[in-house]
Amino acid sequence: MHNLKQEVSLKSFNTFGFDVNCKGLIRIYSISDFQRFLNHSFKPFKILGGGSNILLTKNLNDYVVKNEIKGFDILEEDDYQIIVKVGAGEIWHQFVMWSLAHKLCGLENLALIPGTVGAAPMQNIGAYGVEQETAFLSLNAIQIETGESHTFSKEACHFGYRESVFKNKFKDQYFITHVTYCLLKGEQNLHTHYGAIQDVLNLKEIHKPSVVDIAEAVMDIRNSKLPNPKEIGNAGSFFKNPVISTTHYAKLKSKYPTMPNYPISSDAVKIPAAWLIEQTGFKGLIRNNIGVHKNQALVLVHYGSGDGNELLSLAKEIQNKVKTVFDIDISPEVNIW
Ligand code: FAD
Ligand code: NAP
């Protein structure tokens, strides 16, 4: 294929900045590009967006297909909403900025999440009490086995907490080409109750926040707390927050009265994994070229010249320690290649 590069380093294609090679990198700019690609025998292959949710542990015996499908296509518009179909290779944060520039709401809490629009439904990205599924309408994807184009409704995607059908039943079976969202006009259904958003708004003396105010508050918090991958390699939260039974929670609570907790149903409680990791002493750890971020224990970091396997070993050590101390399993959110 004309845009195939052989034996490419993926160092600049993953936000951890690990230096591993793949057999070849192919950029895909359109549906027909991908269908042509499927007709060649470049197998096996992996799909890459912005590389902000992957941990590369070894040189890959795979080709890597980079999604570069662009474009914003307004399909419908009335007084209340806009339905927009977005190319999966668009940058998520630029899509959020596009929505704010068009005075649309729905994505403001999801500002500054790295990566592409096509990867957003993969793990149903979420932050500050909002998940992309709230605005999601449907997506188009090509089935790798047949080359056929399919449309998935919201129900068909089986979205959950950092989950979708594409991480489970249909793992590695579809190439997402476009995602369609419904964004609302006016300032509707705003979420300011989560994390530190309200504190930031209070500090700025903003009593009736606009969507732009909320997005700016979210960006301020993120910039102050999270390491910028351009400065310190990371993939955001390495682990998902575990959900435990109320019985298990009650036992732990008597031993750890300050343990933060968020009830999610009558018999289940979410415990912030960052707190568990901090309690087990890993926060701020620096070990050779890798470590645990000093401000956010859920973020494992790479300081440069390290190896993805070192980081994976540290992740396993953290999992074991949390299991021993709290009898809680924490599982990676990051995709391990
Ligand atoms: P990649 O890392 O390239 O890929 C992730 C997975 O999706 C891989 O399995 C890949 O094969 C698959 N994939 C990618 N594109 C496609 C496609 N078109 N079709 C089929 N499969 C595809 N996540 C959150 O949910 N909330 C946050 O607040 C958040 N904050 C973050 C902060 C930082 C600093 C960082 C580094 C990461 C953060 N993340 C967060 C994680 C990450 O940004 C998201 O998971 C993002 O959606 C990943 O997008 P990507 O394009 O980089 O995907
Ligand atoms: P935070 O505000 O310090 O909160 C710590 C944890 O408590 C979060 O994990 C969050 O769970 C939970 N939490 C806070 N307020 C809550 C509420 N009102 N109801 C239920 N749960 C609540 O977290 P942070 O680290 O600064 O992150 C802020 C937001 O950005 C979070 O939503 C987080 O998920 C998201 N984020 C995600 C990534 C990633 O890579 N996935 C990276 C950075 C930030 P949830 O995580 O379930 O929201």
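The table that follows gives values for the structure above.
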read-out	value
Spin-label model distance (nm) - residue 91 vs residue 189, 7 Å beyond Cα toward Cβ	2.8
Sites residue 70 and residue 305, calculated FRET efficiency, Cβ-Cβ separation with R0 35 Å, nearest 0.05	0.55
Percentage relative contact order, the chain, counting C-alpha pairs under 8 Å, at least six apart	17
Lys, Arg +1 and Asp, Glu -1 on Cβ, resulting dipole of the stretch 67-125 about Cα centre, debye, nearest 20	240
Farthest toward positive dipole pole in the chain [+1 Lys/Arg, -1 Asp/Glu at C-beta], among 218, 121, 9	9
Peptide ranges 142-155, 231-244 listed from the most packed, as the mean C-beta count within 10 angstrom indicates	231-244, 142-155
Calculated [θ] (222 nm, deg cm²/dmol) that DSSP helices of n ≥ 4 give over the chain, each run adding -39,500 (n - 2.57)	-7000 deg cm²/dmol
Nearest-20 debye value, the stretch 235-317 charge dipole, Cβ charges on Lys, Arg, Asp, Glu	260
16 Å Cα-Cα reach of residue 70 towards aspartates and glutamates, excluding residues that sit fewer than 8 places from it in its own chain	33, 90
Simple Cβ-charge dipole of the chain, Lys/Arg +1 and Asp/Glu -1, about Cα centre, in debye nearest 20	1060
Taking the stretch 138-276 and dividing mean pair separation by its residue count, relative contact order in percent (alpha carbons under 8 Å, at least six apart)	15
Inter-label distance for residue 7 and residue 143, nm, one decimal - labels placed 7 Å from Cα along Cα-to-Cβ	3.8
Greater than 23 Å apart at Cα, pairs in 58/169; 171/240; 167/230; 251/294; 5/85	58/169; 167/230; 251/294; 5/85
Normalised contact order of the stretch 1-157, rounded percent, pairs of Cα under 8 Å and 6 or more residues apart	16
Radius 14 Å from Cβ of residue 220, net charge of other residues (Lys, Arg +1; Asp, Glu -1)	-1
Distance between modelled label sites at residue 161 and residue 294, nm, 7 Å Cα→Cβ extension	3.1
Förster radius 56 Å - calculated FRET efficiency between residue 251 and residue 41 (Cβ-Cβ, nearest 0.05)	0.50
Cross-link partners of residue 208 among lysines (Cα-Cα below 22 Å; sequence separation of 8 or more within a chain)	103, 185
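Read-outs: derived from the displayed coordinates by stated rules, not from any lab. In this text, all values refer to a predicted model and were calculated from it rather than measured experimentally. When we count neighbours, we look across all protein chains shown, and the Cβ atoms used for this are built from the backbone with ideal geometry, even at glycine.
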